1. Using Cα centres only, tell me the gap between segment 52-107 and segment 202-229 in whole Å.
2. Between V175 and F86, what is 0.36 nm times their sequence separation minus the Cα-Cα distance? Round to one decimal in nm.
3. If we sort 229-236, 192-199 on the protection proxy, mean other Cβ atoms within 10 Å, highest first, what's the order?
4. As a test of the formula, what do you get for the chain when each DSSP H run with n ≥ 4 contributes -39,500 (n - 2.57) and the sum is divided by the residue count, at 222 nm and rounded to the nearest 500 deg cm²/dmol?
5. For the chain, modelled as a GNM with alpha-carbon contacts under 10 angstrom, which of H157, H97, H22 fluctuates the most?
6. I need the shape label for segment 1-144. Rule: rounded when a/c is under 1.5, else prolate if a/b > b/c, else oblate, with a, b, c from the alpha carbon gyration tensor.
Amino acid sequence: MTAEIWDVIIVGAGLSGLSAAHLLRKRNAKLRILIVEGKDRVGGRTVSTEIPAANGVDSWDLGGQWVGSTQTHISDLIKELGLETFPQFNSGKKVHHMGGPGAKVRTYRTSIPALSPVVLMDLTQLMWKIDRLCATVCVQDPSKTPNAVELDSMTLHSYIEQHAWTSELKEEMGVCSRSVFGIEPSQMSFLFFLMYAAAAGGVLQLLESSPGCAQEFKIKGGTQQLSECLAERVGWKNVRLGSAVTAIWQVQYSNSSIRD
């Protein structure tokens, strides 16, 4: 079997991997680039599917789906690929379900769920503390943040446990973590959370869908189009789906063994 030689091999055909391939190809069109992906599709945490709707069939996002005006890089990519966005609809009655399958489903019309005065006070003091820390974060290089090692050694869960007073707010923060990041607060570095929130302009800006917030817009036709369009630019022949990487070997050659 003849070994294939590539200039660049990228693991993962999500937005990061495909964007990297796209940028490399724009710098040097002659580069031989291979992208390997374990799934049977491109897109990573973004996946769109067609579901029956009122007027026939519509595209629905089941993974990452929002774009905020502070996310300038992805906004530029959307324009470059010729895609369009539309504002997230957020008027009217909203549904809030917390506390397990047997808990009561509540509705609200404000920007945040209806909370008791005590929980609102708790939320206010917690957001004040976190936003003060966000203001100290170096978004470009989080390691330069004051007390970076200490902040990175704790999780979002451990910080909430120390600084939130009410069990309801602790549960609410868990819902927010699962909704925005797809993981439990105990699985996330607190420094990473601060960096992510700081990049969005603050914690509430990260969670809300009002103008200027992280969930302000959606992409017409679904976010998975971004990866599909990038795969077309790079060339589908250079994307291998169903090809999970199980091992990587790094071989060091001596100068005498390298030929032009």
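1. 7 Å
2. Working: separation 89, 0.36 × 89 = 32.04 nm, distance 2.54 nm.
Extra length available between V175 and F86 comes to 29.5 nm.
3. Numbers: 229-236: 17.5, 192-199: 21.6.
Answer by packing, highest mean first, reads 192-199, 229-236.
4. Working: 9 runs with 95 residues, N = 260.
The per-residue figure over the chain is -11000 deg cm²/dmol.
5. In this elastic network of the chain, the residue with the biggest mean-square fluctuation among H157, H97, H22 is H97.
6. Details: a/c = 2.37, a/b = 1.61, b/c = 1.47.
It comes out prolate by the Cα gyration axes.
Rule-based calculations on the coordinates, nothing more; no lab input. From a predicted model like this one, the values you see are computed outputs, not experimental measurements. We place every Cβ from the backbone using ideal geometry, glycine too, and count neighbours over all the protein chains shown.
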